[in-house]
Amino acid sequence: VQLQASGGGLVQTGGSLRLSCGVSGINFRINTVDWYRQAPGEQRELVASINSGGVANYADSVRGRFTISRDNVNRRMYLQMDALKPEDTAVYYCHVHFRGRYYWGKGTLVTFSS
């Protein structure tokens, strides 16, 4: 199982970024997939998840600003992040729980310019 995330970068307050993650090695279309993030000095936290039916759930801190989506044909997942705030600074990880194991992408950094 491999997850490859991309799309992080440097943004300003109020800006937008779109994260992308390619997933291989699982039956992608039947699995719930997630985005997590880990801010400096903090624990990793769940940001958003989307199940096989396309139903999404969000952390309170990002609801209304972030949108998770999936492309089952191309085996990709996305996180559209709008109205970004400095507190969104973190390394973002795509994640899938498959057959009792947790698989993580390498992480992509989102930081803010002053």
When you take every Cα atom in the chain, what is the radius of gyration, and what is Dmax, the widest Cα pair distance, in Å?
-> 13.3, 43
Report the charge-dipole magnitude of the chain in Debye, nearest 20, computed about the Cα centre from +1 at each Lys and Arg Cβ and -1 at each Asp and Glu Cβ.
-> 420
Charge dipole of the chain built from unit charges on the beta carbon (Lys, Arg +1; Asp, Glu -1), centred at mean Cα; most positive-end Cα among M81, L3, A48 is L3
With an 8 Å cut-off on Cα pairs and a minimum separation of 6 or more residues, tell me the relative contact order of the chain in percent.
-> 37
Expressed as a whole percent, how much of the Cα-Cα distance distribution for segment 1-43 exceeds 15 Å?
-> 59
Would you kindly state the longest site-free stretch of the chain, with sites defined as trypsin sites (Lys or Arg not before Pro) in a DSSP loop (not H, G, I, E, B) surrounded by at most 13 other Cβ atoms within 10 Å?
-> 1-62
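Just so you know, all these numbers are worked out from the coordinates, no wet-lab data involved. This is a predicted model, so every value here is computed, not measured. For neighbour counting, all protein chains shown are included, and Cβ atoms are generated from backbone atoms with ideal geometry for every residue, glycine included.
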